[in-house]
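Below is one structure, written out as structure tokens; comments come after it.
The values are calculated or read from the model by the stated rules, or taken from the named source; none is laboratory data. Every value quoted in this text rests on a predicted model; they were computed, and no experiment measured them. Counting neighbours? That spans all protein chains shown, and the Cβs are built from the backbone with ideal geometry, glycine included.
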Amino acid sequence: MYEDFASNLAVTMWADFDETPDRDGSTPEITDLDTVVIDGNFPWTIVTVEAADGTVGVGEAYPSPGVHEIVTDYLRPVLVGETPTDVERLYYLMRESLSGRGSQWGVGTIAISGVEIALWDLAGKLLDQPIWQLLGGKMRDSVQVYADCHAGEAMVSSAEEGQEESTYEPEAYAQAARMAVDDGFDAVKFDLDVPSGRTLNRKSRHFDSPEIEHKRRIVEAVTDEVGDDAEVAVDLHWNFSPETAERLCRAIEPYDLAWVEDPLPPENTDAMRELKRRVDVTLLTGENRYGRHGFRDLVEEQAVDFLAPDVPKVGGIAETKKIADMAETYYQAVVPHNIGSPVATVATAHVGATVPNFVALEYHAREVPWWEDLVTGDDLIVDGRIEVPDGPGLGIELDWDAVEAHEKVD
Ligand SMILES: [Mg+2]
């Protein structure tokens, strides 16, 4: 039923759209779309787009319920028969087909993002060009990757029984930072909205002075440990009110952090801009925004220093590049959010290679020992950097045996 509905809608909307170019038949048409979910530290949602000659493009959508249904029931009937190298036109076609049902934000945009990445991979393979070349060429051969570190739950799972309470102490964070730096990363990030062992009224987002001091001691311990070996950032996950965020930022100003991420809830740009005017830290936000329109006020109001679009969520590769280009008009930088598999990570690396104002992209799977096994060939991340692949499309090949071995089966 959904398939009929989507097909009818597409026909209704596009039958008279006479500006659509005719297919010349030189490129094999799209024949199928599908998804497979890998059971990683998040449910990594791989999206595939197949062409008539058997070439398969691979993308990744942000982990979210409903992606499979949108891709197979709504977007498949819209894209089958289309020319896969028309990535930008098909992006608008997908957005129009989901108009009113999530093409501006949320799971609709997430599903579109996964398909868009797969289309770029497919287009690159059909044209025998890397994505960075299709985007206009690369500005750097490799991109910096920063390590998301945990000294909380992730360490608890591997800690000896009875050691759990110590994992939220500053010394545990310093130890985790040292491990990441020893692995070659020269930028690390920690969650700072972590339990201190005290009972709090968290819903108010107000934290008292002892709680602020707990966070300051974590920052002090980590920065003391790594010194000049690595930049240190902290993530606050939208958990603080403006007055508490201001007090916390002031407390950690002396430690010269790379950035402070998401101190306030994500919806109110005015509140973020006001915080930026009041504190002397580098502020970052963006992983909960969608599309270039979702970033427009953050740029125009210069509400933060760094923007963190998530490629498999925000709209995909080209949308992220457009956000970076828009940010560049105010000399803001992009530091893309990423919790994905190698597919999402390399897709993000291609964008990072092609825009001037890229700083680093996130790597969030240090606790998944088989992350590198999902692709054939050499390790992707070496000494905290990814050499941007030169092969066609994303320039990586999924190891489908490894994908199957780790497939999430409901
Ligand atoms: Mg974050």
Only unsatisfied item for residue 301, checking (1) within 16 Å of the ligand (Cβ to nearest atom); (2) at pLDDT 95 or above; (3) out of contact with any strand residue (DSSP E or B) (no Cβ under 7 Å at 6 or more places or on another chain), is (1)
Can we say residue 239 is among the polar types (S, T, N, Q), within 12 Å of the ligand (Cβ to nearest atom), within 16 Å of residue 191 (Cα to Cα) and in the same structural domain as residue 218 (by TED's automatic domain parsing)?
yes
Which pairs have Cβ atoms under 8 Å, sit 6 or more apart or on different chains, and link a residue in the stretch 348-363 that is more than 18 Å from residue 315 (Cβ to Cβ) to one that is within 15 Å of the ligand (Cβ to nearest atom) and part of a loop (DSSP other than H, G, I, E, B)?
359/335; 360/335; 363/338
Scan the helices (runs of 4 or more DSSP H) fully inside the stretch 313-410 and keep the ones with 3 or more residues being charged (D, E, K, R) and surrounded by fewer than 24 Cβ atoms within 10 Å (Cβ to Cβ).
317-328
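Yes or no, residue by residue, for (1) of a type in the set (S, T, N, Q); (2) within 25 Å of residue 22 (Cα to Cα); (3) touching a residue at least 24 places away in the same chain (Cβ under 8 Å):
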residue	(1), (2), (3)
45	yes, no, yes
57	no, yes, yes
71	no, yes, yes
83	yes, yes, yes
Can you go through 166, 241 and tell me which one is more than 25 Å from residue 359 (Cα to Cα), over 22 Å from the mean Cα position of the chain (by Cα) and modelled with pLDDT under 95?
166
Subset of the stretch 267-293 [within 16 Å of the ligand (Cβ to nearest atom) and at pLDDT 95 or above]:
272, 281, 282, 283, 284, 285, 286, 287, 288, 289, 290
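Of all residues in the stretch 94-137 being part of a helix (DSSP H, G or I) and more than 22 Å from the chain's Cα centre (by Cα), which is nearest to residue 66 (Cα to Cα)?
The first filter runs over the stretch 94-137 and keeps only residues part of a helix (DSSP H, G or I), leaving 94-97, 107-127, 131-134.
Pick out the ones that are also more than 22 Å from the chain's Cα centre (by Cα) and you get 96-97, 125-127.
Numbers: 96: 18, 97: 16, 125: 28, 126: 29, 127: 32 Å.
Of everything passing the filter in the stretch 94-137, 97 is nearest to residue 66 (Cα to Cα).
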Go through the residues of the stretch 188-209 one by one and say whether even a single one is in contact with a Gly (Cβ under 7 Å, 6 or more places away or on another chain) and either among the charged types (D, E, K, R) or surrounded by 22 or more Cβ atoms within 10 Å (Cβ to Cβ) (or both).
yes
Keeping to the stretch 262-309, report how many residues are surrounded by 21 or more Cβ atoms within 10 Å (Cβ to Cβ) and polar (S, T, N, Q).
1
